[in-house]
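Derivation of every value follows stated rules applied to the coordinates shown; laboratory data play no part. These numbers were taken from a predicted model, which means no experiment stands behind them. All Cβ positions, glycine included, derive from the backbone under ideal geometry; neighbour counts span all protein chains shown.
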Amino acid sequence: MRGNIEKNVIGEAKTGTFDKRTPILIDDGVVEISTKTLQEAFGKLGFNIVDDEHSADLIFKGRINKFWVKEFLSSRSGSGQSEAEVTFDVALFDRVGVKTIWFDRKVSHIKSGSSLDPTSHNKIIINEAFCKVISSIIHDEEMRKAIRDFIQKKK
């Protein structure tokens with residue numbers, strides 16, 4: 001869930017004896033974290049990452065539709081679990097040819113195990129969900145094929 005919320009709020013926890021609703025915060029904003037993680041992932045694949053898209057042959061764009069954690073508590077057992085979901089629309093554009101060469105929607109949904117302190121799992125599972133989305137992008141065979149085809153056409 002993105003929208004009119006602070007950029008570093010990623011969910012809502014129920015804390016304390018009275019299950020007070022408390023925002024789950026991260027140190028950096030979602031955009032900063034996703035940009036850094038994607039740059040590192042594509043850099044490890046051997047891509048030269050540039051900040052100015054006019055210097056790039058391929059442009060990677062993404063829109064995070066959901067980056068959220070919520071908790072479910074059981075009043076009977078006093079335990080609960082956290083659940084994280086990341087939904088990310090992604091595309092690769094040929095800047096010179098001015099066309100999309102690949103696009104997809106990547107979704108990851110992770111649940112923590114049952115715990116007396118599910119809040120302690122929130123940041124861990126949102127990170128796992130986001131890493132799973134990034135992994136599905138860089139291992140996407142259709143994207144890899146689109147990149148290979150793009151390189152072949154440039155030769």
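Taking the Cα centre of region 17-155 as the origin, how large is its charge dipole in debye, to the nearest 20, when only Lys and Arg (+1) and Asp and Glu (-1) carry charge on their Cβ atoms?
Values: 22 positive and 21 negative charges, 77 e Å.
Roughly 360 debye, rounded to the nearest 20.
Connecting C-alpha atoms closer than 10 Å in a GNM of the chain, tell me which of E128, E71, E40 has the biggest fluctuation.
E40
Suppose a student asked you for the relative contact order of the chain, using Cα pairs under 8 Å spaced at least 6 residues apart; what percent would you report?
Numbers: 255 pairs, mean separation 29.8, N = 155.
Relative contact order of the chain: 19 percent.
Can you tell me which of 52-60, 115-123 comes out highest on packing, and rank the rest after it, using the mean Cβ neighbours within 10 Å? Write out the running numbers ahead of the final one.
Numbers: 52-60: 12.8, 115-123: 16.7.
Packing proxy ranking, top to bottom: 115-123, 52-60.
Within the chain, which whole H helices from DSSP have a Cα span along their axis of at least 15 Å and a mean Kyte-Doolittle hydropathy of -1.0 or more, if any? Don't skip to the end; give the middle numbers.
On the way: long enough: 30-44 (21 Å, 0.03); 122-138 (24 Å, 1.08); 141-154 (20 Å, -1.37).
Result, helices passing both filters: 30-44, 122-138.
Rounded to whole Å and sorted largest first, list the principal axis extents of the Cα atoms in region 9-154.
Result for region 9-154: principal-axis Cα extents of 62, 26, 23 Å.
Based on alpha-carbon positions alone, could you give the equivalent ellipsoid semi-axes of region 10-59 from the gyration tensor, as √(5λ), descending, whole Å?
Numbers: eigenvalues 289, 22, 8 Å².
Values for region 10-59, descending: 38, 10, 7 Å.
Regarding region 55-95, what whole-number volume in Å³ per residue does the convex hull of its Cα atoms give?
Convex hull of Cα atoms, per residue: 61 Å³.
Report, in whole Å, the centroid distance computed from the Cα atoms of region 84-109 and region 116-135.
22
With unit charges on the beta carbons (Lys and Arg positive, Asp and Glu negative) and the dipole taken about the Cα centre of the chain, which residue among S136, T37, L116 sits farthest to the positive side?
S136
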